[in-house]
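Data block below; observations after.
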Amino acid sequence: MVTTRFAPSPTGWLHVGNLRTALFNYMIAKKAGGQFILRLDDTDPERSKEEYVDGIKRDLEWLGLHWDRVERQSARLDRYAAAADALRAAGRFYECFETPVELDLKRKKQLNMGRPPVYDRAALALSEAEKDKLRAERGGYWRFRLDHERIEWTDGILGPISIDAASVSDPVLIRADGQVLYTLASVVDDIEMGVTYVVRGSDHVTNTATQIQIMQALGGGVPDFAHHSLLTGPQGEALSKRLGTLALKDLRARGVEPMALLSLMARLGSSQPVELRASLAELIEGFDPGQFGAAPTKFDVEDLFPLTRAHVQALPFAEVADRIADLGVPADQAERFWRVARQNITVLGDLADWWALCRDGAPPDIAPEDADFIAAAMALLPPPPYDETTWADWTAAVKQATGRKGKALFMPLRKAVTGQAHGPDMGDLMPLMQRVQARG
């Protein structure tokens, strides 16, 4: 069975970069009739917070990305300890004692000599007596000893990958304070949870190489891997500085619709065009990781709003009826209100402004040269309620009284009634108008 996982760290809110990873893994699993695991990387007790756990679940549910089961790494520390013991027994795990300052000096020295800044494995030469002395001064941390050979796999997006393990530092898997790091926890989980396909960002390619060796050292199977391109801003700038404004909860608050976001993220960076789809199932059917490129992918949050507008404007009344009722629109006017307002909104939140206009009227927009004309016109407008013929009857009367016609007639009247130069057909809008402020 195809099994994928999304493994966010609950140390912040989900953003569009996280979503890309979650969505790809979800679609691969569901297209194959497989299993999608939500795995919370919460081994850092200081930074992990339950509010972020709740936020992650809320965001995924909002998008319809329903997981088959939830796993928490904080509940699996015994499994990571057992794996560490197995690696020690196999001679693939060794204790190190260099401080960050000492490591930095080593890196700088290697770079100055024109060498790659790879850990020199000095800790392997320490005697037990030397280790005991160092342990008395500071905590030791643990590295996995890589076999210096080429690590190769065929990536689902990037194609054939080959990395020389000698060009990579032996990865630290357990910190001096005993905290298990992502690399070890992820490998153990992928093995024991039967993960068969892993999609993540291209910044993890080197991690994947080292994890393949760790999996093999633990006797586990190696899943298929695919590394998607990283998102940038619309001008190619780093997205990381803007992620605070690209949290899914903030996009939701701005009125972005789930299908608009999913439609964009499921095709962005691929050879397929970005088109609004009606359902997640439709997106899954056409999804193929092999159609995505390796180049950084530009993301512009503004691209979400035309898609949202198209989605919202296509909604049937039944799907917005409760929202319209919550605005206070009378039941006998609700469907007419939706029919009139729908083509003039981008997000559903815009409905509130249109109902406020219908209920309270709007401050009139009257050019100085039109003041006398509007005063005369308003004298001809009867008080509400209005009906389907009100606009036609009124404008005909104003035309006859003032001699104005065409745009010179209709535009000043629209702006006087609605305060706007654009909007719904006035013949359709007038029956909803409960007040016209320009009447006084």
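Only the coordinates and a few stated rules stand behind these numbers; no lab work does. These figures come from a predicted structure and were not determined experimentally. As a convention, Cβ positions derive from the backbone with ideal geometry for all residues, glycine included, and neighbour counts pool all protein chains shown.
Miscellaneous remarks
- Under the criterion of Cα pairs below 8 Å and six or more residues apart, the relative contact order for region 231-380 equals 23 percent.
- For region 254-328, GluC sites (Glu not before Pro) meeting the loop criterion (DSSP other than H, G, I, E, B) and having at most 15 other Cβ atoms within 10 Å: E275.
- Helix-derived mean residue ellipticity, 222 nm - over the chain, DSSP H n ≥ 4, -39500 (n - 2.57), to 500: -13000 deg cm²/dmol
- Between amide H atoms placed 1.01 Å from N, distances below 5 Å from Y197 occur with T3, D224, all of them 5 or more places distant or on a separate chain.
- Inter-label distance for D147 and T206, nm, one decimal - labels placed 7 Å from Cα along Cα-to-Cβ: 2.2 nm
- Equivalent ellipsoid of region 361-440: semi-axes from √(5λ) of the C-alpha gyration tensor, largest first, are 17, 14, 12 Å.
- Phi-based couplings in Hz for region 138-143 (Karplus 6.51, -1.76, 1.60; Gly and Pro marked x): 7, x, x, 10, 10, 10
- For region 87-154, a/c is not less than 1.5, where a ≥ b ≥ c are the root eigenvalues of the C-alpha gyration tensor, and a/b does not top b/c. That puts it in the oblate class.
- Relative contact order for the chain, counting Cα pairs under 8 Å that sit 6 or more residues apart, in percent: 13 percent
- Straight-line reach from K249: taking Cα to Cα under 24 Å and skipping same-chain neighbours fewer than 8 places apart, the lysines in range are K49, K57, K241, K298.
- What the Kirkwood sum gives for region 290-440 is a hydrodynamic radius of 17.3 Å, with every pair of different alpha carbons counted.
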